[in-house]
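The values are calculated or read from the model by the stated rules, or taken from the named source; none is laboratory data. Note that the structure is a prediction, hence the values are computed from the model and not measured. In this analysis, Cβ positions are derived from the backbone assuming ideal geometry, glycine residues included, and neighbour counts consider all displayed protein chains. Just the protein is used for accessible areas: all its heavy atoms, side chains included, with ligands, DNA and RNA removed. Shrake-Rupley method; radii C 1.70, N 1.55, O 1.52, S 1.80 Å.
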Amino acid sequence: MTFITPKAKHGDASDGNLGGRLSRLDGPAKITGSATYAAEHQIDGLVYAVTVQSTIAAGVVTSVDASAAEASPGVLLVLTPDNIMPLKSATTWAGTPGPEGPFLALPRIVSFNGQHIAAVVAETLEQATAAAALIRVTYEEKAHVYGLDDPKAGEGVPIDRMTMSRGDAVKALAEAPVRIEQEYRTPREYNVAIEPHGIIARWEADSLTLWEPSQWIDGMARSYAEWFDIPFENVRMISPYIGGGFGSKALSLPHGAVAAIAARMLGKPVKLVVTRPQTFTAYGGRPATRQTLALGATREGKLLSIVQHGVNETSMLGVAVEPLGSVTAIMYAVPNFSSRQNIIPLNTVTPGALRAPGENPSAFGIESAIDELAYEVGIDPLQIRLLNYAEEDPQAKIPWSTRRLREAFAAGAEAFGWSKRSPAPRSMREGKQLIGWGVAAGTYPVRRTPGEALVRILADGTAEVASSSIDMGQGTYTILAQTAAEVLGIPVEQVRVKLGDSALPRAPVAGGSQLANLMTGAVHKAAHAARDELIGLALNHPGSPFLDQQTNTLTIADGVISTPRSEQPAISIADFMRVIGQEKVEALRDTLPEDKKNTQDRYNNFTTMMAMKPPTEGGYSLHSWCAHFVEVRVDEDFGTVRVSRMVSALDSGRLYNPKLAESQWRGGIIMGIGQALLEEGVVDPRYARVINNNLGDYLVATNADIPDLQVISVGVPDHHASVLGGKAVGELPIVGVAPAIANAVFHATGKRIRDLPITLDKLL
Ligand code: MCN
Ligand code: MOS
């Protein structure tokens, strides 16, 4: 079992506590290659699976000729729609029953190009790959719908729960002295984590062990248990290191089912790693979106009404909703608002979650539109945002817990030098470079699900923290060590954190940027309980040197127990444990409400998202906020866009580790720059196939694309949001980056790009 132990020395002792800038504890293992990722585990008797994907987008597999593959060297098994083991349908992530009928990991009906339709298992990866190429599939092809622009796409299906309104938006829009109406679009975007999805599945009798990267060990384990109709306790999922997920590693997927089926049929452990091209269709990324936004305002720029209609693509089989009204509804104090949304089924894999699903494209719409309004009425883009500042949640009509967006605008503008901006488009240049300055805001809700943690103090005076929650790079190991160190009074170097194993105390999904708040809360509670028990022993144990002290409390600092007034006696935890002959002191605690501690509620809490509280529950509206200020340089001749400078000010409440939070923010901003300028899944209409399905053609931002990024924290502790005062960090920073860049590009060039990414062809 992997324990993460801090090795590197760090500056100041307090760095080890909450709020300290401790470096990532998992960093050295990841950088030096000693971290073992799921597919790197060495398992005796391992065999290798490779999937074959459909080359049509719609139709039926009429036959699969596997004879050549079966006769190929080393081949052990070929799975096709003819012999795939039907699995039970599993409960959805929302906690609702899964689709009717069995779950077929290799279905005969083809609903998108790139769907797994066969798999080959062989003694080596090379043999499996070679044999997979020999499989001949015959299809009966049907007409497909390739994308939102396909004339066959239609209007789609309204999603009633997305409908929002206040006031009379249509009437107020019609009466508004100033009106603008535009359509904004975002393309299909992909998670492209550097570690591709992969799995090793091994059966021992009716127990299944899975080495698979996971953002949600307990949720995924539940799917496997239900698919194979075995008890949840029989699934062991192991995922100590994850090479990024960005939303794509939270759910069990068909290729995982294929590996587990093959392992069961063969009685051998099976490894299946999807290839980079397959990562584009083995699961979905962010769906393409389109939204019309109509803004009505006074001539002074005060918003009177917003009317929004959004659509996003989904698959033929699944309902994926990318909530386009999420930011629009709350960013500005507009009295009249209406928003509705449709989803349009297409021949694509069911879209999934990608960093800030909903908020991200929502902000692209509203934060571009408000900028357009600023030019229309002739006021500064920052001023118009302050003019329409929402002092309370305009949709829920309740106070914000904290909203330091005004402070973010002020701090960002100051650091950026916004006051020196020349207002007119195309008015700033350096030689052939047109310079543009843009601003946009972003927000992300604080989501809350109860958690659980074990904290154990050992005989040698060190401590352990254990949880089935995960660290995919965001810093969970580090902040949980800091939480335990601070509460226990033990140096952080002596705290080990164990994560990523379903055998450990349970945890909900590491999604929706909730994990840091909920897990620091659970560890804090468990550590307090362990510390209280240790102090209780020191006060009451017959062998304790503190027994005859006139005190009812003790302090622990730097691993030493002492009385609060005099320093005598003082004894290290290790010596104390030896004196009283105790092996360990441990506490398992959860943050479940009293009425939800029963077995079924507890199970659902950790294995579905049913218990996740909306940000408006509890009387306050809980959100993180940010403001991005961008400078772009656009080459007048070539239309190339470079982000040359960027300052972002963010309010995530209290930061548990500012170094890591800043790194999260920079990472999200970098993804936002990629989204603004580079990322787009290109679909060939003839085959409804994503054609740039590799990192050579699907461009993400690289170092050369990224300038120095200044990030400023403007948050204050928010104890409505979480026990320890933090708000959401992980997804916030990407929200608002693309519109800030689009706004800067308009300022530079006078061209408004409403269709991401902003490529040179659109500017020339
Ligand atoms: N943090 C902090 N103070 C707070 C809150 C958080 O210092 N008040 C820091 C901590 O280092 C914490 C990190 O920020 O570990 C992220 O915390 P949080 O916002 O709670 O997000 P989660 O831990 O739930 O992580 C998930 C989130 C999501 S949903 C996506 S998508 C995303 C993201 O994190 N994917 C990532 N950041 C990622 N970072 C990396 N490296 N890889 C991914 O795949
Ligand atoms: Mo993040 S997209 O909620 O995993």
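Some points to look at:
- Scanning region 490-511 for residues that are more than 14 Å from ligand 1 (Cβ to nearest atom) and open to solvent by 10 Å² or more (accessible area, probe 1.4 Å) gives P491, E493, Q494, R496, K498, S502, A503, L504, P505, R506.
- Filter result for A587 (open to solvent by less than 60 Å² (accessible area, probe 1.4 Å), under 30 Å from T449 (Cβ atoms), in contact with a strand residue (DSSP E or B) (Cβ under 8 Å, 6 or more places away or on another chain) and small (G, A, S)): yes
- So S326, is it under 30 Å from L387 (Cβ atoms), hydroxyl-bearing (S, T, Y) and open to solvent by 10 Å² or more (accessible area, probe 1.4 Å): yes
- Which numbered condition E679 misses (of (1) crowded, with 20+ Cβ neighbours inside 10 Å; (2) in contact with a Gly (Cβ under 7 Å, 6 or more places away or on another chain)): (2)
- Residue ID - farthest from V560 (Cα to Cα), chosen from residues in region 502-536 that are within 15 Å of ligand 2 (Cβ to nearest atom) and in contact with a Phe, Trp or Tyr (Cβ under 8 Å, 6 or more places away or on another chain): G511
- Filter result (β-branched (V, I, T) and buried (at least 19 other Cβ atoms within 10 Å of the Cβ)) within region 391-412: T402
- Across region 353-389, the qualifying residues are those that are among the aliphatic types (A, V, I, L, M) and within 16 Å of ligand 1 (Cβ to nearest atom), and the one among them that is surrounded by the fewest Cβ atoms within 10 Å (Cβ to Cβ) is L354.
- Selection from region 81-126 of residues that are out of contact with any Lys or Arg (no Cβ under 9 Å at 6 or more places or on another chain) and farther than 22 Å from S315 by Cβ: N83, V120, A122, E123, T124, E126
- Residue satisfying all of: in region 220-234; in contact with a Leu (Cβ under 9 Å, 6 or more places away or on another chain) and either open to solvent by less than 10 Å² (accessible area, probe 1.4 Å) or among the acidic types (D, E) (or both); farthest from ligand 2 (Cβ to nearest atom) among these: D229
- Filter result for V711 (within 16 Å of ligand 2 (Cβ to nearest atom) and crowded, with 16+ Cβ neighbours inside 10 Å): no
- Every residue from region 631-653 that is in a loop (DSSP other than H, G, I, E, B) and within 15 Å of K432 (Cα to Cα): E636, D637, F638, G639, T640
- Of all residues in region 93-106, those satisfying the criterion of being more than 13 Å from W227 (Cβ to Cβ) and touching a residue at least 40 places away in the same chain (Cβ under 8 Å) are W93, A94, G95, L106.
- Region 494-515, residues that are within 20 Å of L655 (Cβ to Cβ) and in a strand (DSSP E or B): V495, V497
- Selection within region 558-574 - open to solvent by 60 Å² or more (accessible area, probe 1.4 Å) and either within 43 Å of the chain's Cα centre (by Cα) or in contact (Cβ under 8 Å) with a residue 60 or more places away in the chain (or both): D558
- Residue within region 344-351 that is within 16 Å of ligand 2 (Cβ to nearest atom), touching a Pro at 6+ places or on another chain (Cβ under 7 Å) and not small (G, A, S) present: yes
- Residues being in contact with a strand residue (DSSP E or B) (Cβ under 7 Å, 6 or more places away or on another chain) and over 23 Å from Q482 (Cα atoms) - total across region 538-563: 2
- Residue match in region 288-311 (condition: in a strand (DSSP E or B), within 16 Å of ligand 2 (Cβ to nearest atom) and either aromatic (F, W, Y) or within 30 Å of V178 (Cβ to Cβ) (or both)): yes
- Residues in region 235-276 that are more than 16 Å from ligand 2 (Cβ to nearest atom), of a type in the set (G, A, S) and open to solvent by 20 Å² or more (accessible area, probe 1.4 Å): G267 only.
- Any hit, region 600-611, residues being assigned to a strand (DSSP E or B) and modelled with pLDDT of 95 or more: no
- Considering residues of region 431-458 that are assigned to a loop (DSSP other than H, G, I, E, B) and surrounded by fewer than 24 Cβ atoms within 10 Å (Cβ to Cβ) only, the residue nearest to the chain's Cα centre (by Cα): R447
- With respect to the conditions (1) more than 16 Å from ligand 1 (Cβ to nearest atom); (2) buried (at least 20 other Cβ atoms within 10 Å of the Cβ); (3) farther than 25 Å from G378 by Cα, S207 falls short on a single one, namely (2).
- Residue ID - surrounded by the fewest Cβ atoms within 10 Å (Cβ to Cβ), chosen from residues in region 541-557 that are closer than 22 Å to K525 by Cα and not hydrophobic (A, V, I, L, M, F, W, C): N552
- In region 451-462, the residues that are of a type in the set (S, T, N, Q) reach residues that are open to solvent by 40 Å² or more (accessible area, probe 1.4 Å) and not in a strand (DSSP E or B) with C-beta atoms within less than 7 angstrom, at least six apart or across chains, in these pairs: T462/Q494.
- Residue match in region 413-420 (condition: among the charged types (D, E, K, R) and either crowded, with 23+ Cβ neighbours inside 10 Å or not in a loop (DSSP other than H, G, I, E, B) (or both)): yes
- Filter pass, A522 being more than 16 Å from ligand 1 (Cβ to nearest atom) and either open to solvent by 10 Å² or more (accessible area, probe 1.4 Å) or touching a Ser or Thr at 6+ places or on another chain (Cβ under 6 Å) (or both): no
- Long-range neighbours under 6 Å by Cβ, at least six apart or interchain, first residue under 17 Å from G114 (Cβ atoms) within region 270-296, second open to solvent by 10 Å² or more (accessible area, probe 1.4 Å) and assigned to a helix (DSSP H, G or I): V273/A39
- Screening G696 with (1) in contact (Cβ under 8 Å) with a residue 24 or more places away in the chain; (2) open to solvent by 30 Å² or more (accessible area, probe 1.4 Å) gives one miss only, at (1).
- S362 of a type in the set (S, T, Y) and within 16 Å of ligand 2 (Cβ to nearest atom): yes
- Checking each residue in region 459-486 for being more than 16 Å from ligand 1 (Cβ to nearest atom) and surrounded by fewer than 24 Cβ atoms within 10 Å (Cβ to Cβ) picks out A459, D460, G461, T462, E464.
One line per residue, one yes/no per condition, for (1) in a helix (DSSP H, G or I); (2) farther than 24 Å from G681 by Cβ; (3) aromatic (F, W, Y):
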| position | (1), (2), (3) |
| --- | --- |
| Q127 | yes, yes, no |
| T138 | no, yes, no |
| A143 | no, no, no |
| D149 | no, no, no |
| K152 | yes, no, no |
